[in-house]
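Take a look at the structure below.
The values are calculated or read from the model by the stated rules, or taken from the named source; none is laboratory data. Just so it is clear, the model here is predicted, and its values are computed rather than measured. Reconstructed Cβ throughout: ideal geometry from the backbone, glycine too, with neighbour counts over all protein chains shown.
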Amino acid sequence: MAQIEINGISKIYTIGDLRINAVDNVSLKIGKGEFLSIVGHSGSGKTTLISIIGGIMRPTSGTVLYEGSDISCLDDERLSEYRNRKIGFMFQFASLLPILNAKENVLLPCIFNANGRLYNDKKAEEYLDMVGIGDKINAYPSQLSGGQQRRVAIARALMNNPEVILADEPTGDLDEETEAEIMELFKRLNRGKKVTFIFITHNLELAGQAQRQLRMSHGAIKEI
Ligand SMILES: Nc1ncnc2c1ncn2[C@@H]1O[C@H](COP(=O)(O)OP(=O)(O)O)[C@@H](O)[C@H]1O
Ligand SMILES: [Mg+2]
């Protein structure tokens, strides 16, 4: 059974009379532990697609199965539980809270975790150490480089032990060298095949390092 199975999903945004077909009848199967990249022009529907996979957004039609169960018919509470338990997100910018230090930023998902998982200080420190900034646990975002902030965001995405990491242009604003380092870190985290990685990138060379590559165009998807 696929870990994630998307069947004919479409997403139509309506703004007044305007209808935008952001995702257009996409079907896809993703196995546990896959390392998958998505490329495509701006506006091709990449962010919308992974938002639907991650349960941030509901499709207009079609179904998303996670380990065989349909997440599209979950109520809001169950859907956020799915998100908290299964998915780790990384967005285009590190989006750390400036008033919290590195460790506190990593602990943020635990605060919002509705299912009572414990706030685990030690685990936050372990993850920061694992992503190579164990010496920066008390530093504030303004005291960290772009690459270091990105590492904090990775540690934060890992905090709830997600089964899937969805990364939306996670290295877009970094220099090439730092980008390559972050990519190496992703590959290392994927090595045991316990965590599935789906990452969107503009960088074709990085995309080419993924085990499986997809391209989106006008809401449709195809394998490269
Ligand atoms: N919340 C929204 N409301 C209306 N239109 C949107 C919204 N989000 C995205 N769109 C439109 O949907 C299309 C796909 O957007 P998006 O998924 O962000 O693409 P990408 O991530 O590939 O740049 C674009 O035409 C975009 O303008
Ligand atoms: Mg986008």
Can you find, within the range 75-90, the residue that is modelled with the lowest pLDDT among those that are part of a helix (DSSP H, G or I) and under 21 Å from Ile200 (Cα atoms)? Asn84
The listed residue being surrounded by fewer than 21 Cβ atoms within 10 Å (Cβ to Cβ), in contact (Cβ under 8 Å) with a residue 12 or more places away in the chain and under 20 Å from Pro162 (Cα atoms), out of Ile4, Ile30, Ile12, Ile52: Ile30
May I ask you to say which residue of Ile165, Ile221, Ile154, Ile198 is buried (at least 19 other Cβ atoms within 10 Å of the Cβ) and part of a helix (DSSP H, G or I)? Ile154
Scanning for something within 16 Å of ligand 2 (Cβ to nearest atom) and closer than 27 Å to Met183 by Cα, does the range 56-64 turn up at least one residue? yes
Just checking, does the range 131-150 include any residue being within 21 Å of Thr171 (Cβ to Cβ), modelled with pLDDT under 90 and surrounded by fewer than 18 Cβ atoms within 10 Å (Cβ to Cβ)? yes
Mind telling me which of the residues Ile224, Ile198, Ile182 ends up being within 16 Å of ligand 1 (Cβ to nearest atom) and more than 13 Å from the chain's Cα centre (by Cα)? Ile224
Failed criterion for Phe93 (all others in (1) part of a loop (DSSP other than H, G, I, E, B); (2) at pLDDT 85 or above; (3) not acidic (Asp, Glu) hold): (2)
Answer residue from the range 168-193, given it is within 16 Å of ligand 2 (Cβ to nearest atom) and part of a loop (DSSP other than H, G, I, E, B) and is farthest from Gly40 (Cα to Cα) among those: Asp173
When restricted to Thr196, Thr201, the only residue closer than 22 Å to Val26 by Cα, at pLDDT 85 or above and either among the basic types (Lys, Arg) or within 16 Å of ligand 2 (Cβ to nearest atom) (or both) is Thr201
For the range 26-45, give me each residue that is hydroxyl-bearing (Ser, Thr, Tyr) and within 12 Å of ligand 1 (Cβ to nearest atom). Ser42, Ser44
Report yes if some residue within the range 46-60 is in a strand (DSSP E or B) and within 9 Å of ligand 1 (Cβ to nearest atom); otherwise report no. no
Output the residue which, of all residues in the range 25-55 that are charged (D, E, K, R) and away from ligand 2 (no atom under 16 Å from the Cβ), is farthest from Phe89 (Cα to Cα). Lys29
